[in-house]
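The structure under discussion appears below in the form of structure tokens.
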Amino acid sequence: MEPRTGIAEVVAPIAGFGVTFSNLFRPVVTEQYPFERVPTQPRYHGRHQLNRYADGLEKCIGCELCAWVCPADAIYVEGADNTPDEQFSPGERYGRVYQINYLRCIFCALCIEACPTRALTMTNEFELAGPTRAGLIYEKHDLLAPMGEGMLAAPHPMAPSTTDTDYYLGAVTGTTPEQTAWVAEHRPEDPTLPAASRTASRTASTTAATTAATTAAGETR
């Protein structure tokens, strides 16, 4: 390497400050957090969420793949068997215990990739600080997605004449009258029952009208 000479030799000691000097007179941009919150990117890796199907059954099947793939050992899952009286998810099993330790989580999203039913996703929520260590270990009820309109809180039976595959493929689009009738018999005080019953009635009416129209069209032909 040839030694610098002339002007290059004189400027060399301060050349490293070029980036500093170029930004010295630019306007300062200060985010006024938490009073002004800048939206995160759509695919930001924030707090996890356990999702539900359209009728309220949980998507988690307790397979523990998320726990196995986690490089920080931050997830703990205990699966259990569904029964006719306690059907929490389509199929045979559900996640009875689900914990995420946010003192360990590195938000890598490997758990999301491993989930076979898309039960686990990540939200844009990033405010996860807390005053205690125990408070940063999120339990299943902390992670479950809010009940959507017309959803019926689990446990309750699957939609009639469906399988877990039908749920996964999106064939179940809402609560059915049979499901609301079961909950009305076993848990009449369930707060999600009134809205779910109205939704189930509308769904049944729409289905009946569609079936009648299809039958009439077939007879006409």
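The values are calculated or read from the model by the stated rules, or taken from the named source; none is laboratory data. If you're wondering where the values come from, they're calculated on a predicted model, not measured in any experiment. Quick reminder, even Gly has a Cβ in these numbers, built from the backbone with ideal geometry, and neighbours come from all protein chains shown. The protein model used for the area step is the full one, side chains on, heavy atoms only, and it has no ligands, DNA or RNA in it. Shrake-Rupley method; radii C 1.70, N 1.55, O 1.52, S 1.80 Å.
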Q) Which of the residues spanning the range 63-119 are open to solvent by less than 60 Å² (accessible area, probe 1.4 Å), in contact with a helix residue (DSSP H, G or I) (Cβ under 6 Å, 6 or more places away or on another chain) and not in a loop (DSSP other than H, G, I, E, B)? A) CYS66, VAL69, ILE75, VAL77, TYR98, CYS111, ALA114
Q: Select from the range 135-149 the residues that are surrounded by 17 or more Cβ atoms within 10 Å (Cβ to Cβ) and not in a strand (DSSP E or B) and write down the one among them that is nearest to the chain's Cα centre (by Cα).
A: LEU143
Q: Just give me the residues in the range 123-133 being out of contact with any Lys or Arg (no Cβ under 7 Å at 6 or more places or on another chain) and among the aliphatic types (A, V, I, L, M), in sequence order.
A: ALA129
**Q.** Where a residue in the range 67-96 is modelled with pLDDT under 95 and its partner, wherever it lies, is β-branched (Val, Ile, Thr) and open to solvent by 30 Å² or more (accessible area, probe 1.4 Å), with Cβ under 7 Å and at least six apart
**A.** GLY91/ILE61
Q. Picking from ALA195, ALA154, which residue would you name as being in contact with a Leu (Cβ under 6 Å, 6 or more places away or on another chain) and either in a helix (DSSP H, G or I) or modelled with pLDDT of 95 or more (or both)?
A. ALA154
Q) Out of curiosity, is LEU57 touching a residue at least 24 places away in the same chain (Cβ under 8 Å) and over 24 Å from LEU136 (Cα atoms)? A) yes
Q. Can you name the residue in the range 28-62 that is among the hydrophobic types (A, V, I, L, M, F, W, C) and touching a strand residue (DSSP E or B) at 6+ places or on another chain (Cβ under 9 Å) and is also surrounded by the fewest Cβ atoms within 10 Å (Cβ to Cβ) among such residues?
A. LEU50
(Q) Just to be sure I understand the filter: pairs with C-beta atoms under 6 Å, separated by 6 or more residues or on different chains, first member in the range 28-48 and closer than 16 Å to CYS108 by Cβ and in a loop (DSSP other than H, G, I, E, B), second member among the hydroxyl-bearing types (Ser, Thr, Tyr) and at pLDDT 90 or above. Which pairs pass? (A) GLY46/THR123; ARG47/THR123
Q.
Suppose we filter the range 157-185 for residues that are part of a loop (DSSP other than H, G, I, E, B) and open to solvent by 50 Å² or more (accessible area, probe 1.4 Å); how many remain?
A. 6
